[in-house]
Amino acid sequence: MTAAPNIIFIVADDLGFADLGCYGGRDAAFGPVSPHLDALAAGGLRFTQGYSNSPVCSPTRFALMTGRYQYRLRGAAEEPINSKSRGSRILGLPPEHPTLPSLLKEAGYRTALFGKWHLGYPPAFGPLRSGYDEFFGPMSGGVDYFTHCGFDGAHDLWWGEQERREEGYLTDLISKRGVDFVDRMAAGRAPFLLSLHYTAPHWPWETREDAPLAAEVKDNLFHLQGGDIHTYRRMIHHMDEGIGWVMQALRRHGLERDTLVVFTSDNGGERFSDNWPLVGGKMDLTEGGIRVPWIAHWPAVIRSGGVSTQQCMTMDWTASILEAAGAQPDPAYPLDGVSLLPVLREPSRTFARPLHWRMNHRGQRALRDGDWKYLRVDGHDYLFNIPADERERANRAGRDPARLMAMRDAWETWNESMPAIPEDATVSLGYSVKDMPQR
């Protein structure tokens, strides 16, 4: 295996399971929505049973950064961290906690995050305090693509820990920073971690041509009165183009073969996403809220055209990257993630991997173990055979009560190993049934 590969970890924001062509997505009026990501999948490995650690953004990002179940950290109990936490010394990723970038940095990597942080605000928290050498992007969960202002109207674009006012469409600014970083790193000998955490295709619904909309959405970034599937697909396409620019930079410097490129989403899709055949979306522990695209591309190790049915979740990428880089986890913070390197080498290999979730919102809980999934929503328990019923419509709880009880007990045992949800943890919903009909 190649020693110390470069790592490019790309995270989309609120991308649906079937939004990309390589996951069954339909072409838009302008043509293929995601040709560059489709090419990465064709030239690498596509996972069909990859999950996010949470159906909402900041908790998943805690898991990605730490390689551990997010429930272990107080800040991740927020669903999600909102702008009211600005100035908090509690709601964020503690700088003393080992992270993917800090552990890679100890192993000799250069590290950069361009894009969304959403793990607490300076001065208590921030990317530069958690292992990144460079940071450019917003600290909060959502900003306008042109003014780069958040919910409270405050400007939220940063270079390091200094506000940075810059003209341009945010998706493109993130992509161009990524290209510049690859160009600079190519001249050195150190391997690098480039985290590209896009805000696309998260609301507000703005393409490159929609700068005038910034005045309309400045008082409500949820953009409840706007958007459509055509705008949404174009936003994905802009992100895909930028990923293409970064891949061109790798090829220009002869780095593609020895670079592991990973693509995923922080949670399932939102209003205009395509989650077929799954139901639900962001904030739901039904499949549409947590099953997301997973693509891995690494020509030195991964054969082209592979498909894996391995069940896995976000924090497994953290464990996989650390092993690939030869970086050691901190024994004081043992990983909950499991390395997928054997699967990257041989996609037909699978292993047992029980996956657990819980949400304060609607009292949700879930356990995926093999073909079966135990789910609780609003106090109701369900049991589904996922390969037979990906839409989770045929509840087997009454037919197979012994299995339901065993899986419920397994979830309870796991839950006892995690800190309880704090009483003051908040759930922040952008809209409700008064704004649009329920799914």
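For residue 116, a cut-off of 12 angstrom between C-alpha atoms picks up these aspartates and glutamates, skipping any fewer than 8 places away in its own chain: 13, 156, 266.
Computed from backbone phi with θ = phi - 60° and the Karplus coefficients 6.51, -1.76 and 1.60, the 3J(HN,Hα) list for region 182-194 is 4, 4, 6, 5, 4, 7, x, 9, 6, x, 9, 10, 10 Hz; x is used for glycine and proline.
Set the Förster distance to 45 Å, then compute FRET efficiency between residue 208 and residue 90 from the Cβ-Cβ distance, nearest 0.05. Step by step, r from the Cβ atoms, then E = 0.75. Other residues whose C-beta falls under 11 angstrom from the C-beta of residue 343 contribute a net charge of +1, scoring Lys and Arg +1 and Asp and Glu -1.
On a per residue basis, the chain carries 38 Å² of accessible surface, using protein heavy atoms and a 1.4 Å probe.
The magnitude of the dipole of region 213-297, with charges of +1 and -1 set on the Cβ of Lys/Arg and Asp/Glu and taken from the Cα centre, is near 240 debye. Among the listed pairs 176/218; 105/282; 84/434; 218/434; 176/373, those whose Cα-Cα separation exceeds 30 Å are 105/282; 176/373. Projection of the Cα convex hull of region 77-154, averaged over all directions and equal to a quarter of that hull's surface, yields 5.4 nm².
By how many nm would the segment from residue 394 to residue 229 grow when fully extended, if each residue of separation counts as 0.36 nm and the alpha-carbon distance is taken off?
Here the answer is 56.5 nm.
Counting only protein heavy atoms and using a 1.4 Å probe, the accessible area of residue 149 comes to about 30 Å². Projecting the Cα positions of 75, 139, 227 onto the charge dipole of the chain (unit charges on Cβ atoms of Lys, Arg, Asp and Glu, taken about the Cα centre) puts 75 furthest along the positive direction.
State whether region 397-439 is rounded, prolate or oblate according to the following rule on the C-alpha gyration tensor (a ≥ b ≥ c being the square roots of its eigenvalues): a/c under 1.5 gives rounded; otherwise a/b larger than b/c gives prolate, and the remaining case gives oblate. Oblate shape, in that a/c is at least 1.5 and b/c is the bigger or equal ratio. Carbon-plus-sulfur accessible fraction, the chain (probe radius 1.4 Å, protein heavy atoms only): 50%. In this structure, the amide hydrogen of residue 308, modeled 1.01 Å from its nitrogen in the peptide plane, lies closer than 5 angstrom to those of 46, 47, 48, counting only residues at least 5 positions away or on a different chain. Our helix-only sum for the chain, with -39,500 (n - 2.57) per DSSP H run of n ≥ 4 divided by its residues, gives a mean residue ellipticity at 222 nm of -7500 deg cm²/dmol. Residues whose amide H comes within less than 5 Å of that of residue 10, counting only those at least five positions distant or on another chain, are 196, 262, 263, 264 (H built at 1.01 Å from N in the peptide plane). Does region 185-278 come out rounded, prolate or oblate by the C-alpha gyration tensor, with a ≥ b ≥ c the root eigenvalues, rounded set by a/c under 1.5 and, if not, prolate when a/b is larger than b/c and oblate if not? Here region 185-278 falls in the prolate category.
Rounded to the nearest 10 square angstrom, residue 228 shows an accessible area of 60 square angstrom against a 1.4 Å probe. Largest first, the three principal axis extents of the alpha carbons in region 24-160 are 46, 39, 28 Å in whole numbers. Projected label points at residue 416 and residue 378, each 7 Å from Cα along the beta carbon direction, are separated by 3.1 nanometres. Is the shape of region 280-415 best called rounded, prolate or oblate, per the rule: a/c under 1.5 gives rounded, else a/b larger than b/c gives prolate, else oblate, with a ≥ b ≥ c the square roots of the Cα gyration tensor eigenvalues? Prolate, since a/c reaches 1.5 and a/b exceeds b/c. Relative to the 2.2 N^0.38 Å rule of thumb, the chain has a C-alpha radius of gyration ratio of 0.91.
When DSSP assigns beta bridges and you keep just the ones with both residues in the chain, what percent turn out antiparallel, to the nearest 5? Let's see the in-between values first.
Values: 30 of 57 bridges.
Here the share of antiparallel DSSP bridges comes out near 55 percent.
The values are calculated or read from the model by the stated rules, or taken from the named source; none is laboratory data. Since the model is a prediction, treat every value here as computed from it, not as a measurement. Don't worry about glycine lacking a Cβ; one is built from the backbone with ideal geometry, like all the others, and counts go over all protein chains shown. We work out accessible area using only protein heavy atoms, side chains counted, and drop any ligands, DNA or RNA first. Shrake-Rupley method; radii C 1.70, N 1.55, O 1.52, S 1.80 Å.
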